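Asks: Here it is, the structure in full.
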Amino acid sequence: MIYHITTKNDWNKALKSGKYSADSLEKEGFIHCSTIDQVLMIANAHYKNIDGVIFLEIDDQKIESEIKYENLEGGHELFPHIYGIIPVNLVINVLEFKIDKDGIYML
């Protein structure tokens, strides 16, 4: 499984269309994703103080678009990138983060 962080609003739009596409697909050519071990780090680094943040659990074995594990910003950690849309039926779970008293996301 791989995970993508988004908002409830964007997910609800995807449910209506049957497919999910992040802004990064148009701008960078892929949808940013994370492994389960990376999702909290990404949420706390990039989504702090944004309302309605959720993460999608995606069945990466059934995605027809290419998935590449890459690090495009330096460092050694590889992140999964989906080079295409995500059909909503391949999202197995839609999960909400818990937030501690300091505003830090938790699983």
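Asks: Place a +1 charge on the Cβ of each Lys and Arg in the chain and a -1 charge on the Cβ of each Asp and Glu, then give the dipole magnitude about the Cα centre in debye, rounded to the nearest 20.
Replies: The dipole magnitude comes to about 380 debye.
Asks: Could I ask something else about it? Can you give the extra length, in nm with one decimal, that the chain gains between Tyr83 and Met1 once fully stretched, where that is 0.36 nm per residue apart less the Cα-Cα distance?
Replies: Working: separation 82, 0.36 × 82 = 29.52 nm, distance 1.60 nm.
Gain on extension, Tyr83 to Met1, equals 27.9 nm.
Asks: Related question: Can you work out the Karplus-derived ³J(HN,Hα) for every residue in the stretch 93-107? Use 6.51 cos²θ - 1.76 cosθ + 1.60 with θ = phi - 60°, whole Hz, and x for glycine or proline.
Replies: With the stated coefficients, the stretch 93-107 comes to 9, 10, 10, 9, 7, 8, 10, 7, 5, 9, x, 8, 5, 9, 8 Hz.
Asks: Testing the spin-label approximation: label points 7 Å from Cα along Cα→Cβ at Leu15 and Asp51. State their distance in nm.
Replies: Here the modelled spin labels are 1.8 nm apart.
Asks: Could you check the simple spin-label distance between Glu96 and Lys68, using points 7 Å along Cα→Cβ, in nm with one decimal?
Replies: Between Glu96 and Lys68, the simple spin-label model gives 3.7 nm.
Asks: OK, next. Counting Lys +1, Arg +1, Asp -1, Glu -1, what net charge surrounds Ile5 among other residues with beta carbon under 13 Å of its beta carbon?
Replies: That works out to -2.
Bear in mind these aren't lab numbers, they're just calculated from the coordinates by the rules spelled out. Since we're looking at a predicted model, the values are computed, not measured. We place every Cβ from the backbone using ideal geometry, glycine too, and count neighbours over all the protein chains shown.
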